[in-house]
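The values are calculated or read from the model by the stated rules, or taken from the named source; none is laboratory data. Bear in mind the structure is a predicted one, so any value in this text is a computation, not a measurement. All Cβ positions, even for glycine, are placed from backbone atoms using ideal geometry, and neighbour counts span all protein chains on display. Side chains are part of the model used for accessible areas, which takes the heavy atoms of the whole protein and leaves out ligands, DNA and RNA. Shrake-Rupley method; radii C 1.70, N 1.55, O 1.52, S 1.80 Å.
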Amino acid sequence: MSKVQFLLNGQQQSVEVPPMKRLLDVLREDLRLTGTKEGCGEGECGACAVLMNGELVNSCLIPALQAEGTRLCTIEGVSTDGHLHPIQQCFLERGGAQCGICTPGMILATHQLLDKYPNPTMEQIQEGLGGNLCRCTGYMRIFESVQEAAALNPLAGK
Amino acid sequence: MRSDVTEYELSAPATLQEMLSLLAAEPGKYTPIAGGTELMVALGVGRLQSRSLLSLQHFQELRFLREEDGHVVIGANTTFTDLRRSALIAEHLPLLAQSASWTGAIANQNRGTLGGNIVNASPAADNPPVLLVYGASITLISASGMRTLDYNDFHLGYKKTQLRADELVHSVRIPLAYQGYRQYIRKVGTRNALAISKIALAGIARTEGTRIAEIRLGAASLTDRPIRCLAAEKALTGASLAADSLEATLQAGRAALAMEAKPIDDIRSTARYRSAVAENLLEEFLRSLAE
Ligand SMILES: Cc1cc2nc3c(=O)[nH]c(=O)nc-3n(C[C@H](O)[C@H](O)[C@H](O)COP(=O)(O)OP(=O)(O)OC[C@H]3O[C@@H](n4cnc5c(N)ncnc54)[C@H](O)[C@@H]3O)c2cc1C
Ligand code: FES
Ligand code: FES
């Protein structure tokens, strides 16, 4: 077992876990944050995506020990004071979420995308979300949600 | 079946020296782990053999990208995102910026490292063919010091390399010598950029008038390892791109490439398909030179 400490959604956390335990399982089992989903467990689908030091990563491919000292943001940390983040609001209103399994990863991927390209082209949206698979929406509504979120410029001033 | 994670040990040595000493004391006992985008997949499907891992991901001294006497030197821990963000790479080594942008999707590029791509040594890996055409050398580090090899000599066979069990990849070094070269790269996969390639070809060439003065070609998935296509290069050096000889040049290039292609059949594709597509890619590159 290893003691691993990180900043999770703004709060310092410390867990005692096997060092090769997947960060995904640490989040879901040890910290009971089940917003982060498991799809493939092989880095292919993005359902388990979180932000690590501000960068999108797949938590199913990260051993717990490598999260030591990092700053993590999961879907639970995206909203503030009980208010949905504008990206979440746009997914809700535009039908970007159906069953919801891909949604947390999609929203975090959108977060990183808009950080980099506040006004993304369709091509940039498709690349930014290219590692996130959705079995329900057919993607068009997701892309529209992202465009809407960009138009609202949720990250302005951040 | 999924592995039982409690059977695995992982630690993060405080310093690179400490890690190298551990590797030297019991060569083969430990498997280094960088971004984990290969090893954690293996863990997930129960194929991770080694029970003892050492993380090198936190060593910032292996994560750098700098210009040094007319070369760019890239540390093993450099991620594909780092490569894509570098103005130096974008300006001088555009094929590397391109191959990095194809190495899985964004989340994969944020974690996966150049060192991991090289050492994993898949014949289908995206970045080795580019390093080969750019004439890279590779520096390995161990407790007993550093050694530098021509990258062309590094890959020995299917997933076999020159790396010893007590060594780590330190960096690769590429001459900044390709201004004025025509550069080409194309990857053919099932879902373009994200999927592991079925075949990929990288090339650089210098022309003098309508003659090919120099050409280098590198391929993924054409044999059991990443290769320079030396026979095709030889057949094409000095060849004419003039309208009346272009067809003959294309034929000579295709024939030479077919001779050195020994693709494997696997779940992603057949050998015949790979060979044919590689020839088509070469033809596309040569036609672009003739324009
Ligand atoms: C969804 C997905 C898509 C992918 N798509 C592609 C693709 O399109 N193209 C492609 O080429 N690859 C692809 N990959 C494979 C992988 O991302 C790359 O090979 C990556 O470069 C591996 O780097 P890493 O640091 O994550 O490796 P790790 O998993 O940490 O290590 C891989 C191997 O390298 C060794 N190693 C790592 N660093 C060093 C070092 N400095 N010295 C000595 N040994 C070292 C490890 O011991 C291990 O054997 C994909 C992977 C996933 C999960
Ligand atoms: S569960 Fe991690 S990428 Fe699919
Ligand atoms: S909403 Fe169901 S997988 Fe995307």
Checked pairs for the range B:232-246, first farther than 18 Å from B:LEU281 by Cα, second among the charged types (D, E, K, R), C-beta under 7 Å and 6 or more apart or across chains, list as B:GLY238/B:ARG211; B:SER240/B:ARG211
Scanning the range A:38-68 residue by residue, the ones that are more than 14 Å from ligand 2 (Cβ to nearest atom) and at the interface with chain B (Cβ under 8 Å from one of its Cβ atoms) total 4
When (1) of a type in the set (S, T, N, Q); (2) in the same structural domain as A:ASN9 (by TED's automatic domain parsing); (3) touching a residue at least 24 places away in the same chain (Cβ under 8 Å); (4) surrounded by fewer than 18 Cβ atoms within 10 Å (Cβ to Cβ) are applied to A:ASN58, the one that fails is (4)
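Name the residue that is nearest to ligand 2 (Cβ to nearest atom), counting only residues in the range B:121-151 that are of a type in the set (Val, Ile, Thr) and open to solvent by less than 10 Å² (accessible area, probe 1.4 Å).
Narrowing the range B:121-151 to residues of a type in the set (Val, Ile, Thr): B:130, B:133, B:138-139, B:141, B:148.
Adding the requirement that they be open to solvent by less than 10 Å² (accessible area, probe 1.4 Å) leaves B:130, B:133, B:138.
On the way: B:VAL130: 26, B:VAL133: 32, B:ILE138: 30 Å.
Top of the filtered list is B:VAL130.
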message: Tell me whether the range A:121-139 contains one or more residues that are hydroxyl-bearing (Ser, Thr, Tyr) and away from ligand 3 (no atom under 12 Å from the Cβ).
response: yes
All conditions in (1) modelled with pLDDT under 95; (2) surrounded by 21 or more Cβ atoms within 10 Å (Cβ to Cβ); (3) away from ligand 1 (no atom under 16 Å from the Cβ) are true of B:LEU222 except (3)
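If a residue must be more than 16 Å from ligand 1 (Cβ to nearest atom) and within 12 Å of chain B (Cβ to nearest Cβ), how many such residues does the range A:107-125 contain?
At the first step, the residues of the range A:107-125 found to be more than 16 Å from ligand 1 (Cβ to nearest atom) are A:107-108, A:110-125.
Remaining after also requiring within 12 Å of chain B (Cβ to nearest Cβ): A:108, A:110-113, A:115-117, A:123-125.
Of the residues in that region, 11 qualify.
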Only unsatisfied item for B:GLU38, checking (1) within 14 Å of chain A (Cβ to nearest Cβ); (2) over 18 Å from the mean Cα position of the chain (by Cα); (3) open to solvent by 60 Å² or more (accessible area, probe 1.4 Å), is (2)
Going through the range A:1-42 in order, the residues found to be of a type in the set (A, V, I, L, M) and in contact (Cβ under 8 Å) with a residue 60 or more places away in the chain are A:VAL4, A:LEU7, A:LEU8
Note on the range B:1-35: residues more than 14 Å from chain A (Cβ to nearest Cβ) and surrounded by fewer than 16 Cβ atoms within 10 Å (Cβ to Cβ) are B:THR15, B:GLN17, B:GLU18, B:SER21, B:ALA24, B:ALA25, B:GLU26, B:PRO27, B:GLY28, B:LYS29
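Does A:LEU72 fit the bill of being facing chain B (nearest Cβ under 9 Å) and open to solvent by less than 30 Å² (accessible area, probe 1.4 Å)? Walk me through it before giving the result.
On the way: facing chain B (nearest Cβ under 9 Å): no; open to solvent by less than 30 Å² (accessible area, probe 1.4 Å): yes.
Taking the combined requirement at face value, the residue does not satisfy it.
Scan the range B:162-187 residue by residue and report those that are among the hydrophobic types (A, V, I, L, M, F, W, C) and open to solvent by 30 Å² or more (accessible area, probe 1.4 Å). Reasoning before the result, please.
At the first step, the residues of the range B:162-187 found to be among the hydrophobic types (A, V, I, L, M, F, W, C) are B:163, B:165, B:168-169, B:172, B:174, B:176-177, B:185.
Of everything in the range B:162-187, those that are among the hydrophobic types (A, V, I, L, M, F, W, C) and open to solvent by 30 Å² or more (accessible area, probe 1.4 Å) turn out to be B:LEU163, B:ALA165, B:LEU176, B:ALA177, B:ILE185.
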Checked the range A:9-26 for anything acidic (Asp, Glu) and over 19 Å from B:SER55 (Cα atoms); matches are A:ASP25
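For B:GLN57, are the conditions met, namely being open to solvent by 30 Å² or more (accessible area, probe 1.4 Å), modelled with pLDDT of 95 or more and among the polar types (S, T, N, Q)?
Values: open to solvent by 30 Å² or more (accessible area, probe 1.4 Å): yes; modelled with pLDDT of 95 or more: yes; among the polar types (S, T, N, Q): yes.
Criteria met by B:GLN57.
Can you tell me which residue within the range B:90-107, out of those that are of a type in the set (A, V, I, L, M) and either under 11 Å from B:GLN183 (Cβ atoms) or buried (at least 22 other Cβ atoms within 10 Å of the Cβ) (or both), is nearest to the other protein chains (Cβ to nearest Cβ)?
Residues of the range B:90-107 that are of a type in the set (A, V, I, L, M), as a first pass: B:90, B:93, B:95-97, B:100, B:105-107.
With the extra rule that they be either under 11 Å from B:GLN183 (Cβ atoms) or buried (at least 22 other Cβ atoms within 10 Å of the Cβ) (or both), the set shrinks to B:93, B:95-97, B:100, B:105-107.
On the way: B:LEU93: 20, B:LEU95: 18, B:LEU96: 18, B:ALA97: 14, B:ALA100: 13, B:ALA105: 3, B:ILE106: 5, B:ALA107: 5 Å.
The extreme case among them is B:ALA105.
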Is it the case that the range A:132-143 has a residue that's modelled with pLDDT of 95 or more, outside any loop (DSSP other than H, G, I, E, B) and open to solvent by 70 Å² or more (accessible area, probe 1.4 Å)? yes
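Does the range B:1-29 hold any residues that are in a loop (DSSP other than H, G, I, E, B) and within 22 Å of A:GLY41 (Cα to Cα), and which are they? Reasoning before the result, please.
Within the range B:1-29, the subset in a loop (DSSP other than H, G, I, E, B) is B:1-4, B:8, B:12-15, B:26-29.
Matches in the range B:1-29: B:MET1, B:ARG2, B:SER3, B:ASP4, B:TYR8.
Going through A:ILE107, A:ILE101 one at a time, which residue ends up being part of a helix (DSSP H, G or I) and within 16 Å of ligand 2 (Cβ to nearest atom)? Walk me through how you get there before you give the answer.
Working: A:ILE101 fails: part of a helix (DSSP H, G or I).
Exactly one residue qualifies, and that residue is A:ILE107.
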For A:GLU127, are the conditions met, namely being acidic (Asp, Glu), more than 16 Å from ligand 2 (Cβ to nearest atom) and touching a helix residue (DSSP H, G or I) at 6+ places or on another chain (Cβ under 9 Å)?
yes
Exercise for the section: Report yes if A:GLN89 is within 14 Å of chain B (Cβ to nearest Cβ), polar (S, T, N, Q), out of contact with any strand residue (DSSP E or B) (no Cβ under 6 Å at 6 or more places or on another chain) and open to solvent by 30 Å² or more (accessible area, probe 1.4 Å), otherwise no. Expected result: no
